[in-house]
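This report refers to the structure that appears directly beneath it.
A short reminder: the numbers here are calculations on the coordinates, not readings from a lab. These numbers come from a predicted model, not from an experiment. When we count neighbours, we look across all protein chains shown, and the Cβ atoms used for this are built from the backbone with ideal geometry, even at glycine.
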Amino acid sequence: MKILNFGSLNIDYTYAVSDIALPGQTVAASKMDKNVGGKGLNQSVALARAGAKVCHAGKIGRDGDMLREYLASCGVDVSLVKYSDKPTGNAVIQVNSRGENSIVVYGGANRDITEADAASALEHFSAGDMLLIQNEITCTRAIAKAAKARGMSVALNPSPLDGLEVDMSDVDILILNENEAKTLLGTSVPEEIEAALPRINPGMRVVMTLGSRGACHIGGGIVYVAAQKVTAVDTTGAGDTFTGYFLSEICAGKSPEAAMKWASRAAAISVTRHGAAASIPKREEL
Ligand code: RIB
């Protein structure tokens with residue numbers, strides 16, 4: 001099974017602050033880092049570090065070569081990363097002294113993806129392969145529909161939820177957090193989500209991350225796994241780490257419970273380190 005991750009590529013500017021700036025407030029940062037990021041890129045890195053074979057499709061500007069080079073250095077196939085005339089996407093991230101963050105994303109080249117780009121990327125994939133998408137690029141609805149039409153399975157991490165266009169009937173695996181579940185599915189209560197699945201998409205399974213309480217898998221019953229207790233210094237990219245590791249294990253034939261346990265371990269390690277992609281552990285570290 002081949003995995004195509006059609007996703008965002010960002011340059012992250014991360015500012016260490018005591019407290020995240022409130023409206024009207026100016027705060028001083030004790031440190032600023034420029035690094036690779038984007039939910040798409042982070043999830044490709046997590047998949048590759050987990051041991052999966054992944055091809056990343058997406059767009060960068062002429063200023064974004066560092067993103068393609070970083071992905072390639074992680075073993076990700078970057079032949080479907082193309083150039084746009086728009087500047088590379090970027091994110092301004094504040095991380096406070098408790099490791100919590102606040103993120104502003106500028107889409108740039110990530111918002112220059114067209115149906116023609118989707119068609120040419122998907123030509124390389126067929127029935128039995130998996131498509132992974134997040135919600136930081138344009139054309140997600142068409143990409144998911146085209147992948148489904150080819151017989152691929154579709155995994156969606158709908159972050160950030162703003163303006164999500166994907167048709168839920170095209171999704172096989174939905175990976176989201178509790179806040180996203182409340183907005184998208186109307187509830188974050190696992191039993192209520194399970195009861196709603198026949199109406200939303202009877203074939204879809206849901207993986208809901210529960211922060212420091214772990215994660216649960218909903219569909220054909222409800223399975224919980226606990227999180228590891230760690231001291232977080234930066235939670236940026238923890239969800240991406242979980243998603244990549246979870247899908248890598250599922251593609252390797254593991255049960256949802258085993259995949260969630262492994263993904264939770266990887267995410268726990270990632271929050272003890274600074275940065276997004278940089279904080280994602282390699283398989284041997286687990
Ligand atoms: O999930 C973390 C990511 O969100 C960051 O790397 C940033 O680029 C934003 O897309």
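Could you work out [θ]222 nm for the chain from helices alone, using -39500 (n - 2.57) per DSSP H run of at least four and dividing by all its residues? Round to the nearest 500 deg cm²/dmol.
-9000 deg cm²/dmol
Please order K229, K2 by the number of other Cβ within 10 Å, starting at the fewest.
Going from sparsest to densest Cβ surroundings: K229, K2.
Taking a threshold of 22 Å on the Cα-Cα distance, which of the pairs K254/K282; K34/K182; K86/K182 fall above it?
Distance filter (> 22 Å) returns K34/K182; K86/K182.
Between S79 and D162, what length in nm is gained on full extension when 0.36 nm per residue of separation is reduced by their alpha carbon distance?
27.0 nm
List the aspartates and glutamates whose alpha-carbon lies under 15 Å from that of K59, not counting same-chain residues fewer than 8 positions away?
Leaving aside aspartates and glutamates fewer than 8 places away in the same chain, those within reach of K59 are E69, D77, D85, D112, E115, D117, E136.
Provide the packing ranking of 159-165, 143-149, i.e. peptides ordered by the mean count of other C-beta atoms within 10 Å per residue, highest first.
Most protected by this proxy first, the peptides run 143-149, 159-165.
Over all directions, average the projected area of the Cα convex hull of the chain and note it in nm².
Reported value for the Cα convex hull: 14.0 nm².
Given the range 85-125, report the % of alpha carbon pairs whose separation exceeds 13 Å.
Result for the distance tail: 66 percent.
Let's test this: bin the Cα-Cα distances of the range 78-219 at 10 Å from zero up to the farthest pair and state each bin's percent.
10, 36, 33, 18, 2
Take the Cβ-Cβ distance between T231 and K53 as r, set R0 to 35 Å, and report the resulting FRET efficiency rounded to the nearest 0.05.
Step by step, r from the Cβ atoms, then E = 0.55.
Quick one: check the C-alpha center-to-center distance for the range 103-180 versus the range 12-85, whole angstrom.
Each part's Cα centre sits 18 Å from the other's.
How many percent of all Cα-Cα pairs in the range 149-286 sit more than 20 Å apart?
Result: 44 percent of Cα pairs exceed 20 Å.
By count of other Cβ within 10 Å, fewest leading, how are M260, M208 ordered?
In order of increasing Cβ crowding within 10 Å: M208, M260.
Within the P(r) computed for the range 15-134, what percentage of the Cα pairs occupies the region above 17 Å?
Summing the P(r) of the range 15-134 above 17 Å gives 62 percent of all pairs.
For V104, V81, what's the fewest-to-most ordering of other Cβ within 10 Å of each Cβ?
The fewest-first ordering by Cβ neighbours comes to V104, V81.
T26 versus Y106, label points 7 Å from Cα toward the beta carbon: distance in nm?
1.9
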